[in-house]
1. If eta is 1.567 mPa s and T is 4 °C, what Stokes-Einstein diffusion coefficient results for segment 573-639, Kirkwood Rh from Cα pairs, in µm²/s?
2. Give me the one-decimal nm value for the distance between modelled label points at T509 and E45, 7 Å along each residue's Cα-to-Cβ direction.
3. When ranked by the protection proxy of mean other Cβ atoms within 10 Å per residue, highest first, what sequence do the peptides 557-565, 495-503 form?
4. Is segment 370-485 rounded, prolate or oblate when judged by the Cα gyration tensor, a ≥ b ≥ c being the square roots of its eigenvalues, rounded requiring a/c under 1.5 and prolate requiring a/b larger than b/c?
5. Rounded, prolate or oblate: pick one for segment 124-172, where a ≥ b ≥ c are the square roots of the eigenvalues of its C-alpha gyration tensor, a/c under 1.5 means rounded, and failing that, prolate if a/b is larger than b/c, else oblate.
6. In Å³ and rounded to a whole number, note down the convex hull volume per residue for the Cα atoms of segment 82-181.
7. Considering every pair of different Cα atoms, what Kirkwood radius, in Å, is found for segment 329-392?
8. Arranged from highest to lowest average of other beta-carbon atoms within 10 Å per residue, in what order do the peptides 652-658, 510-516 appear?
Amino acid sequence: MTAELVRGQNHPLSQSRLEIRISAGTPVAAAAALSDENGRIHGTEWVAHPGAPVQPGLEVSRQAAADHRLAVDLDAMTEAVHRVSVLLALPAANGGAGPARFGAVAAPFVAVTGLDGTEVASYTITGLELESAVVALELYRRQGAWKVRAVGQGYAGGLAELFADQGLSEAAQLAAGIDEAVARGLARSVQAPPPRTSEGDRSRQAAAPAVGPDQGAAPQGAPGPVPPAYGGQPAGGQGQGGPQPAYGGATGPHASAGGGPVDYSHPRRQTSAPPPPPPAAPPAQPGQPTRPVAGDATGWSMEERLYNQVWGMFEDLARTAAAYRSAVDFAESRMDKELEQALSDPRSRIGGQGDAAREAARARYTQLVDQARASLDRDVAQLVAESEVVEPALPPAFARWDNPCWHAYRVPMEIPMALRLGDLRLPEAESIRIPMLLRLPLERGLWIDSGRTDSLDGSFTDSHDMRRLAMDTAVAHAARLLAVYPAGEFTVHVVDPAGSGAQALAPLTQTGVLAGPPAQGAAGVTEVLARLTQRVDLVQMALRGGAPDALPPGFDTSQQLLIVNDFPHGFDDRAVNQLRYLVDEGPSVGVHLMMVADREESAGYGPLLDPLWRALLRLTPVPDDHLADPWVGHAWTYEPPAVPHGSEVLREVLTQVAEARRTWNR
């Protein structure tokens, strides 16, 4: 089973010859540093980088790319090497093109795989902002065995600051040399990586990027621009037509007679067939739009293709709605200007001349708005057609509760990329709903608002019904989180001081998927919060001490979710401070919070809780247009997930989760 690591977590390695796959949303330079047992780099010859890509037991890419494959042979490492650190840097931070900080691009994804493509461990590097270089992960030797640890340590000062922090005296010179090598490499076209050899490989890959109308296709071997996100490097990192990655440097004991790297693949070993390419759209009839196909976006797997396709639909709807609103605003301003000009002329105020001018202005306004509406309707119709083929193809993590895929549900073996929290829509396009997908693992907690909201349809929901609906929504979210994680990798705790959520919690309590009965009363609240706070403290101390594998025996390393109902009833000042601590520090060590609360009811605490609410993602149990889109300024209407009335799908799914957990714990 693949280990989805969080920052500071480690995982044992059972193989010595490995491949490290890197996927980023923009071309990055990849390097690897060898260090001793104290983490010290002895010299520039201990660093493999685009200017010197081969070291004993290690080979990296010669150029910047959005996808990399680094070859590692741990048995070929010298006795002095105790740690191999994988480094990523943005070329733009030192005068190149593109983004200059990791906070402006998609979170990089790093996976450690075997030679057959089987993924051993993976890590999504989240939380980066101003950093332009980062230590992604490290392979380290401990008591004769090798392990991998997720690091995610970023440096705003780039590679120079990173190497200086590693104790390298020639940090500035080495960083400059890498920048020069990357600059030379950027002059070549970076080809896509070879296809996967196993469906178990979840490293991200894309189909070949399309050539736009303003991009000329460069011939093979000719200089050309670096492809956009998801573009990869040539096989083996040796340029076009280069050999496969070697596991042992050209100067090491595994060098070939000709001085080149050795291909360790067995000549008689057959690999599994690569996955099929993204489905192609069938040819359209003349004058008709292209028929949509599910999964025709870029990505390593069908899951990632569907994820990217959903977000493409979101962006398309945002753009077409923004264009429509802009056209209407222009039409209104033009009509106002024409009417003002007509009224400013005294001759047009008497007789039919003024009336004719006003009618002409209104007619031009109507014509412009009708044209804009026709374009919007055409784009929305295409999105509706795409949604009709995408929605049935979505996996359980992305699907609605009424999707037939839940009837064939089985507890997964791997964590999905993202989770569906509901749907998004815009008032100009009521016929289309875009799935709201949130990346996993969670980076922030959730707040299910049980306070009153102004219903969009004018209906009224009293406070009692809002609390009930909010708790039902929280249970649906928790059930989906439990359903998409492998058995034993997600644990749910519930704090219900007054027991008011017993009815809504029945699917969780009766199926036995909770870590324990819902905590009630002040004593129950204190016990659960103290236990989770202590867990956060232990993990943080282990990480700060550089010994994340020194946690107590039997320590639960699964992701933790705490559902808090009816806040602030039953919470004293100490409990409130513990909640704030969990919100701020918990997500980085796998502890997440889901608050079911009315913010107005906690007003008695004053501004103390304002940071808490700001740190949580607010969701509502009824449709509400509270989600702002800073990209184009839209206020998206959020619709919570709804289990079909009378359906037992949620209980059936949770029953399977509980049974898988009991089997896993045996």
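1. Estimated diffusion coefficient is 94 µm²/s.
2. The answer from the label model is 6.9 nm.
3. The peptides rank, most packed first, as 557-565, 495-503.
4. oblate
5. Numbers: a/c = 4.45, a/b = 1.35, b/c = 3.30.
It is oblate, given that a/c is not under 1.5 and a/b is not larger than b/c.
6. So the per-residue hull volume is 123 Å³.
7. Numbers: mean 1/r = 0.0712 Å⁻¹.
Evaluated over segment 329-392, this radius sits at 14.0 Å.
8. Working: 652-658: 19.3, 510-516: 16.9.
Result, highest mean first: 652-658, 510-516.
No value in this document is a laboratory result; all are computed from the given coordinates. Everything quoted here is computed from the prediction, not taken from an experiment. As a convention, Cβ positions derive from the backbone with ideal geometry for all residues, glycine included, and neighbour counts pool all protein chains shown.
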